[in-house]
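A.B. asks: Here it is, the structure in full.
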Amino acid sequence: MKILVCISKTPDTTSKIAFTDGNKKFDETGVQWIINPYDEWYSLVRAIELKEKDAAVTIHLVTVGGADCDPIIRKALALGGDEAIRVNSDSTDSYFIAAQIAEVAKKGGYDLIFTGKEAIDYNGASIGGMVAELVDIPYVSLATLFELNGTTATITREIEGGEEVAEVSLPVVVSCQKGVAEQRIPNMRGIMAARTKPLQVVEPVAADTLTSVVNFELPPAKAGVKLVDADNVAELVRLLHEEAKVI
Amino acid sequence: MSVLIFVDQTENHIKKASYEVLTYGAQVAKQMGTTAEALVLGTVNDDLASLGKYGITKVHQVANESLNHVDTQLYAKVIAEAVTASGANVLIFSHNQTGKAVAARVAARLKAGIVTGACALPDTSNGFVVRKTVFSGKAFANISINSPVRIISLNPNSYQTVAGEGTAEVSALNVAVDASKVKITAVNKVSGEVPLTEADIVVSGGRGLKGPENWGILLDLAKELHAATACSRPVGDAHWRPHHEHVGQTGVQIAPNLYIALGISGAIQHLAGVNRSKVIVVINKDPEAPFFKAADYGIVGDLFEVVPKLTEEIHKMKAS
Ligand SMILES: Cc1cc2nc3c(=O)[nH]c(=O)nc-3n(C[C@H](O)[C@H](O)[C@H](O)COP(=O)(O)OP(=O)(O)OC[C@H]3O[C@@H](n4cnc5c(N)ncnc54)[C@H](O)[C@@H]3O)c2cc1C
């Protein structure tokens, strides 16, 4: 059983968001980088749990990015992956990135490919579906539970106003979110072991780039809060009704 | 050349988010000097000709029952064929659960550039540039799509639905549908509740409510407002509320007309999920709570006293 876990590097959730180069680039000054929380807390940890139950499971991590991703990949290996592949490219186009991961996936012959439900920087929520299409296997999105029984996966996925349970034979691509697993902290042994785990760097294959960033913008600042006295709740209702017109 | 809009359905009815994308897509078509057409998969009981009211000239339907459930593999194939058959060069989805599951897959199949989470009409004056939210609502990016077919998925609640007059031509599209490799064994819908991402009003509770036993006052307020309910992450983590109610950077991202936050401090990760709301009301006993900086209206006070009064006042206002 081989699992491929897609890992991406994102700014820490408390990072100040700012841009440089005439608002064409994300300003990385002082930014702490983390593993995208959906990749780390849910898909990677679930893969590790599957390996803990069945020693025959191997976990490969894949990321598409420059050498600045290596610390993140090492951190992910410290949590539990067996080895990692980094496709050396700075592309931000989701089709290009998915094409790289699909190439790794086809070569490696994985039974299961996990992604996070989205990356918290570009919020694309695209890679899983694209990889599944390029590899031509089923894709189940927004999983909140993932169980494996032999070669059949039982997946609970979020739908509008509820959830549904899907059964699918491997191989499958699954995008994971809250519920699939619980966050873990790497321990010292894992951190030591991660140093010597294989991290293979490969060059990207040719693929089209279909989108490009024109620029970024920050939202306009709020005008400021209108405070209403706690003894005058009726006034709040009046403001919401007559001024904001939302009730 | 045309704009094709994917119409999402559930239990044989068109979803609310679909009317929004139909209106949006018709406007994109108008802007590009072309027609707006719709695509409906599965069997639907609603009157499809009436989609003309949203500016649609033609509705393509693949009325195959096996499409009543979303299987991304089947959907991608059928939608891609519909794009080719209708000659569309722009395809539009809602960035709801179905859109998130399917749109990117279709993009890969058609080798079409995609922008997910769009929040405004594309700029088609020179190329095709789509504005989307990034960094979980903390910023916007303008992205150029450079392929012949372009795909947009629109954030729910970011475009005003407008219904006018009109009747659309409904035409059956014959597309072979493969056998599904994904078997749906159960569907659990939370009945009677307003789906969070579709709700106009959301009432949300944080750790300030102290425990699940206190949710009654929040639920009463939500009921009075026909609102959906949400919560902060620690509340979901502690299982005070179901985890699908957790909003924020690592939860659901929403953009209702009105977001009422009760006993939530307003941490940056929480704001990331709700800062696109049109109006934010914060009720918190701590005047220094960071949420007040992101709010439009606020009450500094004890929610256990304020919330029941608020429900009562709204009831009175509605009755008058
Ligand atoms: C990587 C990461 C991701 C995260 N993602 C999310 C996310 O997606 N969503 C999210 O919500 N959080 C997220 N968090 C957690 C976030 O940082 C905060 O810890 C969390 O939002 C706090 O929840 P809270 O406001 O309910 O609780 P608290 O911060 O404990 O705030 C409770 C508030 O209630 C008020 N209060 C108490 N009693 C009363 C009363 N009687 N009347 C009125 N007010 C009262 C208090 O003044 C306080 O402001 C994330 C954190 C990290 C590190």
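All of the numbers you see were taken from the coordinates with simple rules; none came from a lab. In this text the structure is predicted, and so the values were computed from the model without any measurement. A quick note on method: Cβ atoms are made from the backbone with ideal geometry, for glycine too, and the neighbour counts reach across all protein chains shown.
A.B. asks: Output the pairs from A:Lys178/B:Lys138; A:Lys226/B:Lys100; B:Lys15/B:Lys316 with a Cα-Cα distance over 26 Å in this structure; if there are none, say none. Don't skip to the end; give the middle numbers.
C.D. replies: On the way: A:Lys178/B:Lys138 21 Å; A:Lys226/B:Lys100 36 Å; B:Lys15/B:Lys316 32 Å.
Pairs exceeding the cut-off: A:Lys226/B:Lys100; B:Lys15/B:Lys316.
A.B. asks: Nearest 10 degrees, 0 to 90: what angle lies between the long axis of helix B:97-110 and the longest principal axis of chain B (Cα atoms)?
C.D. replies: 30 degrees
A.B. asks: Something else: Which of B:Asn214, B:Asn157, B:Asn284 moves most in a GNM of chain B, Cα contacts under 10 Å?
C.D. replies: Highest fluctuation among the options: B:Asn214.
A.B. asks: Springs between alpha-carbon atoms under 10 Å, Gaussian network over chain A: tell me which of A:Lys222, A:Lys106, A:Lys117 tops the mean-square fluctuations.
C.D. replies: A:Lys222
A.B. asks: Loop only by DSSP, 15 or fewer other Cβ within 10 Å of the Cβ. Give me the trypsin sites (Lys or Arg not before Pro) in the range A:2-38 that pass, ordered by residue number.
C.D. replies: The qualifying sites are A:Lys16, A:Lys24.
A.B. asks: How many Cβ atoms of partner chains, on average, are near each residue of B:67-78 if near means within 10 Å of its Cβ? Spell out each step's value before the answer.
C.D. replies: Details: counts 0, 0, 3, 6, 5, 9, 7, 1, 1, 6, 1, 0.
Taking the mean over all residues of the peptide, I get 3.
A.B. asks: May I pose another question? Relative to the longest principal axis of chain B, what angle (0 to 90°, nearest 10) does the C-alpha long axis of helix B:303-319 take?
C.D. replies: Rounded to the nearest ten degrees, it is 60.
A.B. asks: Please determine, in degrees from 0 to 90 and to the nearest 10, the orientation of helix B:16-32 with respect to the longest principal axis defined by the Cα atoms of chain B, where the helix direction is its Cα long axis.
C.D. replies: Helix B:16-32 and the main axis of chain B meet at about 50 degrees.
A.B. asks: If R₀ is 45 angstrom, what is the calculated FRET efficiency for the pair B:Lys183 and B:Val162, using the beta carbon separation as r and rounding to 0.05? Could the numbers behind the result be given before it?
C.D. replies: Values: r = 40 Å, r/R0 = 0.89.
Once rounded, the FRET efficiency stands at 0.65.
A.B. asks: In the range B:176-255, which GluC sites (Glu not before Pro) fall in coil by DSSP and have 16 or fewer other Cβ atoms within 10 Å? Could the numbers behind the result be given before it?
C.D. replies: Values: sites: B:Glu193, B:Glu198, B:Glu213, B:Glu224, B:Glu245; in loops: B:Glu193.
Counting only loop positions with at most 16 other Cβ atoms within 10 Å, the GluC sites (Glu not before Pro) in the range B:176-255 are B:Glu193.
A.B. asks: Here is a further query. Hey, what did chain B get for relative contact order, percent, Cα under 8 Å, at least 6 apart? Don't skip to the end; give the middle numbers.
C.D. replies: Details: 701 pairs, mean separation 46.5, N = 320.
Computed value for chain B: 15 percent relative contact order.
A.B. asks: Continuing with this model, one more query. How large is Rg over Rh for the protein assembly as shown, taking Rg from the Cα atoms and Rh as the Kirkwood inverse mean of 1/r across Cα pairs?
C.D. replies: Rg/Rh for the protein assembly as shown comes to 0.96.
A.B. asks: In terms of the Cα gyration tensor, with a ≥ b ≥ c the square roots of its eigenvalues, is the range B:196-319 rounded because a/c is under 1.5, prolate because a/b exceeds b/c, or oblate? Don't skip to the answer; put the middle values down first.
C.D. replies: Numbers: a/c = 1.24, a/b = 1.23, b/c = 1.01.
Since a/c stays below 1.5, the shape of the range B:196-319 is classed as rounded.
A.B. asks: Between A:Ala223 and A:Asp70, what length in nm is gained on full extension when 0.36 nm per residue of separation is reduced by their alpha carbon distance? Write down the numbers at each step before the final one.
C.D. replies: Numbers: separation 153, 0.36 × 153 = 55.08 nm, distance 4.19 nm.
So the extension gain works out to 50.9 nm.
A.B. asks: Please find the FRET efficiency linking B:Asp47 to B:Ala85, where r is the Cβ-Cβ separation and R0 is fixed at 30 Å, and quote it to the nearest 0.05. It would help to have the intermediate numbers written out before the result.
C.D. replies: Numbers: r = 23 Å, r/R0 = 0.77.
The formula returns an efficiency of 0.85 here.
A.B. asks: Among B:Tyr159, B:Tyr24, B:Tyr259, which one moves the most in a GNM of chain B with springs linking Cα atoms closer than 10 Å?
C.D. replies: Fluctuation is largest for B:Tyr159.
A.B. asks: Once you keep just the Cα pairs under 8 angstrom separated by 6 or more residues, what percentage relative contact order results for the range B:2-172?
C.D. replies: Numbers: 392 pairs, mean separation 50.1, N = 171.
It rounds to 29 percent for the range B:2-172.
A.B. asks: Could you grab the relative contact order for chain A? Cα pairs under 8 Å, six or more apart, rounded to a whole percent. Can you show the working numbers first?
C.D. replies: Details: 466 pairs, mean separation 59.4, N = 247.
The normalised contact order for chain A reaches 24 percent.
A.B. asks: Next question. Modelling each spin label as a point 7 Å along the Cα-to-Cβ direction, I'd like the A:Asp12/A:Lys25 distance in nm, to one decimal.
C.D. replies: Computed distance between label sites A:Asp12 and A:Lys25 equals 2.2 nm.
A.B. asks: Okay, next question. Taking R0 as 35 Å, what FRET efficiency do you get between B:Leu219 and A:Asp111 from their Cβ-Cβ distance, rounded to the nearest 0.05?
C.D. replies: Values: r = 44 Å, r/R0 = 1.25.
So the FRET efficiency works out to roughly 0.20.
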